[in-house]
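Below: one structure, written as C-alpha cells.
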Amino acid sequence: LAKALLAKLQTAGIKPVAECDNSSIIVSRQGGGDVDYMFAVNATWDDQAGTNVAQWLAIKAAKAAIAFPADGRTCYDAVRGGAVAELKGDRGRFSFGPGEMRVVARTARPIGGVQVRTPAILRDYTLSREPIRVSLAAAVVDNRNVVLSGSIPLQIRVIDPTGAVRYELSRATDMGECRLTLPLAANDPAGQWRVEVEELLSNTKGSGTFAYAPAPQCGAIAGASPRAVFRPTDADAWKR
C-alpha cells in the first residue's frame, strides 16, 4: 500500500515533508508563515521484547538519515536550542532513543535577535482587579531586522529594582510578536525595572526598561481585597 501511494504521490507532484531512510521514524510538519517545525518521532518496534502482550508495544532505539527540503531555510534545534548538531546543510544522521522525538525549527531567514518594545504602565483605580499593570511587547526579527512571522518560543523575565525576578514566563510569538499585560502591586519597589526576553531557537536576547513609582495616595478603593466585615453592633458585643 505504501509503495502504491508513493507512486501516486510522485505522479501528482506531491513531495514528502522530509526524506528518511527509516520507515519507523514518523516525520510531520506544523507551522506557517516564516517558521515551520519538523517533528520526527521514533516508533521502531522492538521485535526482541518477548512473547507476551507487551511486546507489541515495545519500542527500541533507532538511527535514521533525514534530509529536509533544500529551500534555503535555517534549521534550529527546537528542543535543545541552537544549531542542530547532526545536520550538515539540510541532511544529517540522527540517533533516537525509544519513543524519542526530535523537533527541528526551520525559519525562512536566520534569526537576528529580539526587539523589546518600551513597556507602558497602565493605571485605572476604578477597576476591581489589577488596577496597576505593565504592558509588554517583544518581536523576533531576522538578520535584517524584519519580523519573522510565525510562532517562536520565548522566555520572559521581569526584574524589579532590587534584582528580584518578579515574573518568569514561557510564552510564544504570534505572527512574530508577543504581547502580554502583567499586574503590579501598589507597594512594589519604585525605580527602574528591567524586562528580559530570550528566544529559545537561536538563544538570542533582548531587553527593555521602565520606571515605576507607586502612587502616594488613591481616592478609590478599587483593587482592595476585603478581609473582614465590621458591624456597628460588634463593638458592644466585644465590651460585654
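Within segment 15-58, can you find the residues that are modelled with pLDDT under 90, open to solvent by less than 100 Å² (accessible area, probe 1.4 Å) and more than 17 Å from V103 (Cβ to Cβ)?
P16, D46, D47, A49, G50, N52, A54, Q55, A58
Taking the condition of being surrounded by 16 or more Cβ atoms within 10 Å (Cβ to Cβ) and of a type in the set (A, V, I, L, M, F, W, C), how many residues in segment 113-146 meet it?
10
Could you run through segment 62-72 and say how many residues are modelled with pLDDT of 95 or more and either farther than 15 Å from F39 by Cβ or small (G, A, S) (or both)?
The total comes to 5.
With respect to the numbered conditions (1) in contact with a Cys (Cβ under 9 Å, 6 or more places away or on another chain); (2) part of a strand (DSSP E or B), which one is the sole condition not fulfilled by L180?
(1)
Going through segment 119-142 one residue at a time, which ones are at pLDDT 95 or above and not in a strand (DSSP E or B)?
P119
So, in segment 1-14, how many residues would count as being open to solvent by 90 Å² or more (accessible area, probe 1.4 Å) and either in contact with a Lys or Arg (Cβ under 6 Å, 6 or more places away or on another chain) or over 29 Å from A61 (Cα atoms) (or both)?
4
Within segment 134-146, can you find the residues that are under 18 Å from R179 (Cα atoms) and in contact with a Lys or Arg (Cβ under 8 Å, 6 or more places away or on another chain)?
S135, L136, A137, A138, A139, V146
Of all residues in segment 87-112 being in contact with a strand residue (DSSP E or B) (Cβ under 6 Å, 6 or more places away or on another chain) and farther than 21 Å from Q30 by Cα, which is least open to solvent (accessible area, probe 1.4 Å)?
Filtering segment 87-112 for residues that are in contact with a strand residue (DSSP E or B) (Cβ under 6 Å, 6 or more places away or on another chain) and farther than 21 Å from Q30 by Cα, the one least open to solvent (accessible area, probe 1.4 Å) comes out as G112.
Would you check which residues across segment 76-96 are more than 14 Å from L200 (Cβ to Cβ), touching a residue at least 24 places away in the same chain (Cβ under 8 Å) and either touching a helix residue (DSSP H, G or I) at 6+ places or on another chain (Cβ under 8 Å) or not hydrophobic (A, V, I, L, M, F, W, C) (or both) and list them?
Those that are more than 14 Å from L200 (Cβ to Cβ), touching a residue at least 24 places away in the same chain (Cβ under 8 Å) and either touching a helix residue (DSSP H, G or I) at 6+ places or on another chain (Cβ under 8 Å) or not hydrophobic (A, V, I, L, M, F, W, C) (or both): R91, G92, R93, S95.
Which pairs do you get when a residue that is under 16 Å from F210 (Cβ atoms) and open to solvent by 50 Å² or more (accessible area, probe 1.4 Å), found in segment 155-171, comes within reach of a residue that is at pLDDT 95 or above and basic (K, R), reach meaning Cβ atoms under 8 angstrom, with the pair 6+ apart or on two chains?
Note: pairs meeting the criteria are V165/R157.
In this structure, is G113 within 18 Å of A172 (Cα to Cα), at pLDDT below 95 and assigned to a strand (DSSP E or B)?
Against the criterion (within 18 Å of A172 (Cα to Cα), at pLDDT below 95 and assigned to a strand (DSSP E or B)), G113 does not qualify.
Can you work out which of the residues in segment 63-81 that are out of contact with any strand residue (DSSP E or B) (no Cβ under 7 Å at 6 or more places or on another chain) and farther than 22 Å from N22 by Cα is surrounded by the most Cβ atoms within 10 Å (Cβ to Cβ)?
G81
Could you check how many residues of segment 144-167 are assigned to a loop (DSSP other than H, G, I, E, B) and in contact with an Asp or Glu (Cβ under 8 Å, 6 or more places away or on another chain)?
Result for segment 144-167: 6.
Inside segment 191-219, can you point out the residues that are among the small types (G, A, S), more than 21 Å from P153 (Cα to Cα) and either in contact with a Ser or Thr (Cβ under 6 Å, 6 or more places away or on another chain) or at pLDDT 95 or above (or both)?
Those that are among the small types (G, A, S), more than 21 Å from P153 (Cα to Cα) and either in contact with a Ser or Thr (Cβ under 6 Å, 6 or more places away or on another chain) or at pLDDT 95 or above (or both): G191, A211.
If a residue must be farther than 19 Å from I121 by Cα, buried (at least 17 other Cβ atoms within 10 Å of the Cβ) and of a type in the set (A, V, I, L, M), how many such residues does segment 172-192 contain?
0
The values are calculated or read from the model by the stated rules, or taken from the named source; none is laboratory data. Everything quoted here is computed from the prediction, not taken from an experiment. Cβ sites come from the backbone with ideal geometry, for glycine too, and all protein chains shown count toward neighbours. The accessibility values were calculated without ligands, DNA or RNA, using every heavy atom of the protein model including side chains. Shrake-Rupley method; radii C 1.70, N 1.55, O 1.52, S 1.80 Å.
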